[in-house]
1. Collect the residues in the range 60-112 that are of a type in the set (A, V, I, L, M, F, W, C), touching a Phe, Trp or Tyr at 6+ places or on another chain (Cβ under 9 Å), farther than 29 Å from SER123 by Cβ and in a helix (DSSP H, G or I), keeping them in residue-number order.
2. Name the residue that is farthest from THR153 (Cα to Cα), counting only residues in the range 79-134 that are touching a Leu at 6+ places or on another chain (Cβ under 6 Å) and β-branched (Val, Ile, Thr).
3. LEU203 - would you say it is surrounded by 15 or more Cβ atoms within 10 Å (Cβ to Cβ) and either not in a helix (DSSP H, G or I) or not acidic (Asp, Glu) (or both)?
4. So which of HIS305, HIS221, HIS249, HIS217 is modelled with pLDDT of 80 or more, surrounded by 15 or more Cβ atoms within 10 Å (Cβ to Cβ) and either β-branched (Val, Ile, Thr) or assigned to a helix (DSSP H, G or I) (or both)?
5. Within the set of pairs 6 or more residues apart or between chains, which connect a residue that is in the same structural domain as ALA86 (by TED's automatic domain parsing) and of a type in the set (Lys, Arg) inside the range 103-118 to a residue that is surrounded by 12 or more Cβ atoms within 10 Å (Cβ to Cβ) and not in a helix (DSSP H, G or I) with Cβ atoms less than 6 Å apart?
6. Report whether or not VAL168 is farther than 27 Å from SER144 by Cα and without any contact (Cβ under 8 Å) to a residue 60 or more places away in the chain.
7. Can you name the residue in the range 272-301 that is out of contact with any strand residue (DSSP E or B) (no Cβ under 8 Å at 6 or more places or on another chain) and outside any loop (DSSP other than H, G, I, E, B) and is also nearest to LYS262 (Cα to Cα) among such residues?
8. May I ask you to verify whether GLY37 is loosely packed, with under 11 Cβ neighbours inside 10 Å and closer than 30 Å to HIS137 by Cβ?
Amino acid sequence: MTSTQKDQHGARSQRSQEADKPHRRKGEKTYSCDECGKSFTRAETLKTHQLSHSGVKPYSCDLCGKSFTLAGHLKTHQLIHSGVKAYSCDLCGKSFTRAGDLKTHQLIHSGVKAYNCELCGKSFTLAQSLKRHHLFHSGVKPYSCDLCGKSFTQAGDLKTHQLIHSGVKPYSCELCGKSFTLAGHLKKHQLIHSGVKAHSCELCGKTFAVNSDLQGHLVSHSGIKAYSCDFCGKSFSNKHYRNIHLRIHTGNDVYCCDQCGKLFATDAQLQRHMFSHTEERPYKCDLCEKTFKAPHHLKRHQQIHTRK
């Protein structure tokens, strides 16, 4: 066999070996994790991912003590402490520490919610939001509060809840001085001062500042009272009202009238009751000069004039 023939034979042999290898298209994820089933295009990416299952987190933040599996994750985390938010959204002005977070945020403005829950039909902008939502349907609540026993589906929700027990309310309303544990609660409260009630009940016309309040109100029209008191059997259409009522039985967080000793589940109920102990009638109707002890009595009276 000549030198040229040998070269040709070698080239054919190499092509034959390549053909025998499993054909892998570009971008195909052929490397799968045995632990969670997640797939990757490269073996080294799979290897890096598998570290997350080891539970080992050798990289710790000197400022807050949080630990990470990878050095890169620690480096990314440390940007948070720098306070620098170099990436801003052109549409709403919100700033982010990382470009990836800005990119994820911008999907919200697109209005596209491509990820649908098969169980309830709710749609989400992000795949991870849908994944997180699925946990609610599972009914599993592995995270419990050591102080009150309340359980949560996610660790983040437990952490947020625990702020309530701290008693710290760093978010104050500039208009009325009311303070809140969470920034989101303050934002929701501020809608009250705006006077805008964009959410209307189609059944009775009552309007609400936030949609969640409307949804809670709609239950009252159904006549269904699914939440019962274990102590006295009284039923409520809303879980929140049932939980407030329970305070009377448990003695926790109750408000007592220093005039007559009557107990109330909320401070607002006590303040409303206190009007009954005064003889003053400072609330006057502009239309008929009639006076009232409490503002809610005046408001109820004024409906007579509006109906005429």
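1. Correct list: ALA71, LEU74.
2. THR97
3. Numbers: surrounded by 15 or more Cβ atoms within 10 Å (Cβ to Cβ): no; either not in a helix (DSSP H, G or I) or not acidic (Asp, Glu) (or both): yes.
Criteria not met by LEU203.
4. HIS217
5. Every condition considered, the pairs that remain are LYS113/SER123; LYS113/PHE124; LYS113/THR125.
6. No: the conditions fail for VAL168.
7. MET274
8. Here the answer is yes, as GLY37 does meet what is asked.
The values are calculated or read from the model by the stated rules, or taken from the named source; none is laboratory data. Bear in mind the structure is a predicted one, so any value in this text is a computation, not a measurement. Cβ: placed from backbone, ideal geometry, glycine included. Neighbour counts: every protein chain shown.
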